[in-house]
Amino acid sequence: MTVTREQAEPIKLTLQQPFVSTEATLPAEVRLNIQEKRLQGANVVATLTNQAGTSLHTTKTEAVKKPIRLVFPIEDLSPGQYRILIDIVGKNAQSLAKSERSFTKYVAPGKPRTVTIDQRGVCLVDGKPMMPLGFMLGGATPEAV
């Protein structure tokens with residue numbers, strides 16, 4: 001039995017971060033593993049909803065094979081759980097595929113901090129040098145770097 005990528009994962013939806021606090025926007029990337037002939041005349045409908053399923057923001061763009069970059073406004077959201085819903089709508093208004101991802105907006109503890117990199121490449125937190133320690137799983141995108 002052979003399973004195609006279109007059957008296994010027709011939409012790959014990637015949120016840049018699953019937890020947000022003070023960010024104004026949430027970037028996302030959509031990759032479509034659907035045959036180009038099926039995508040002709042289709043659109044990507046992306047909807048930001050709250051936990052109850054109420055639509056808070058919707059965007060519509062042409063369905064293409066290259067990565068589709070989306071940006072969702074989240075600055076005015078209250079703390080809680082939210083979902084990004086992706087629906088690929090064909091030219092006859094039929095749904096070709098759907099996907100969704102959740103994210104959480106939270107209030108960060110403590111006072112906000114300012115993190116910068118100076119001209120020497122030193123990481124500064126609230127103006128004081130700090131050696132960041134951490135690790136990353138998976139590959140880094142140019143935007144994340």
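The values are calculated or read from the model by the stated rules, or taken from the named source; none is laboratory data. Please read these numbers as outputs of a predicted model, since none were measured by experiment. Ideal geometry is used to build each Cβ from the backbone, glycine not excepted, and the neighbour counts take in all protein chains shown. With ligands, DNA and RNA removed, areas are computed over all heavy atoms of the protein, side chains included. Shrake-Rupley method; radii C 1.70, N 1.55, O 1.52, S 1.80 Å.
Worth pointing out:
- Rounded FRET efficiency, nearest 0.05, which uses the C-beta distance separating Ala93 from Ala8 and R0 of 22 Å: 0.30
- Taking all Cα pairs closer than 8 Å and separated by 6 or more residues, the relative contact order of the chain comes to 22 percent.
- Within straight-line cross-link reach of Lys60, lysines at Cα separation under 27 Å, skipping those fewer than 8 residues along the same chain: Lys12, Lys37, Lys91, Lys98, Lys105
- In straight-distance terms, cross-link reach from Lys66 covers every one of the aspartates and glutamates whose alpha-carbon lies under 12 Å from its own, apart from those fewer than eight places away in the same chain; here that gives Glu29, Glu36.
- Environment charge of Thr61, counting only residues whose C-beta is closer than 15 Å and scoring Lys/Arg +1, Asp/Glu -1: +3
- Computed over protein heavy atoms with a 1.4 angstrom probe, the accessible surface ordering of Arg31, Arg120, largest first, is Arg120, Arg31.
- Using just its DSSP H runs of length 4 or more, each adding -39500 (n - 2.57), the chain gives a mean residue ellipticity at 222 nm of -1000 deg cm²/dmol after division by all residues.
- Shape class of segment 60-124 from the Cα gyration tensor (axes a ≥ b ≥ c, square roots of the eigenvalues): oblate, since a/c reaches 1.5 or more and a/b does not exceed b/c.
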